[in-house]
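Written below as structure tokens is the structure these notes are about.
The values are calculated or read from the model by the stated rules, or taken from the named source; none is laboratory data. Not measured: the values here are computed from a predicted model. Glycine gets a Cβ as well: all are built from the backbone with ideal geometry, and neighbour counts include every protein chain shown. With ligands, DNA and RNA removed, areas are computed over all heavy atoms of the protein, side chains included. Shrake-Rupley method; radii C 1.70, N 1.55, O 1.52, S 1.80 Å.
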Amino acid sequence: MRKTLLVTAVAALAAPALGADFNNEVDVGILSLFWGNFNARYERNLNDYISLAGGGGFSPNGYLFVSDEDVDWKVYNVNGIFRFYPLGNFRGLYAQAEVSGDFHNLKDKSTGDTAKVTMVTPAVVVGWRWVIAQRATITLGAGSGYASADLEVGDEVIKFEGVRPRFDFNLGFMF
């Protein structure tokens with residue numbers, strides 16, 4: 001009798017974690033907030049194993065840890081994502097391929113010179129999505145992507161080139 005009660009209690013506690021069938025999720029990037037980028041993403045489950053997502057973001061001050069008081073730097077970004085969930089059920093382990101577009105607008109405050117640069121960055125990420133209380137999600141992922149661009153404003157040149165790490169930490173909601 002004790003075993004039956006224990007198994008029933010464990011099953012009752014685990015059932016909400018399995019979640020209901022939801023095919024949509026919106027999430028916000030928490031990690032990106034630490035470097036000053038505000039972004040959100042929408043993901044659509046196609047068949048429990050494959051999903052497509054897209055999103056965008058904005059950074060009003062370039063990147064938080066790259067500061068130059070002489071340059072006004074704004075960054076807009078968009079991304080398209082393909083995810084594969086090998087365990088199914090639109091949760092757990094995933095492999096992600098994505099393409100991001102970053103649009104940099106820079107202005108030299110002293111001379112008024114402007115520059116606009118577009119960077120296209122393909123990336124691959126492996127991660128895990130937890131579903132809490134049937135709808136809330138926490139997503140952690142890591143991988144890498146390739147970025148290349150030269151930003152020139154007046155006499156200043158900022159170079160972005162090569163393989164860069166790619167990290168995700170997102171909080172979301174399924175519906």
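Numbers below:
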| quantity | calculated |
| --- | --- |
| Share of carbon and sulfur in the accessible heavy-atom surface of region 104-175 [1.4 Å probe, %] | 59 percent |
| Calculated FRET value between residue 144 and residue 105, using beta carbons and R₀ = 25 Å, to 0.05 | 0.45 |
| Loop-located trypsin sites (Lys or Arg not before Pro) in region 73-175 whose Cβ has at most 13 other Cβ within 10 Å (DSSP) | 109 |
| Whichever aspartates and glutamates have a C-alpha closer than 20 Å to that of residue 116, once near sequence neighbours (fewer than 8 apart) are set aside | 68, 69, 70, 72, 102, 108, 150, 152, 155, 156, 161 |
| Karplus-derived HN-Hα couplings along region 94-107 (A = 6.51, B = -1.76, C = 1.60, θ = phi - 60°), whole Hz, x at Gly and Pro | 9, 10, 10, 10, 9, 10, 10, x, 10, 10, 9, 10, 10, 9 |
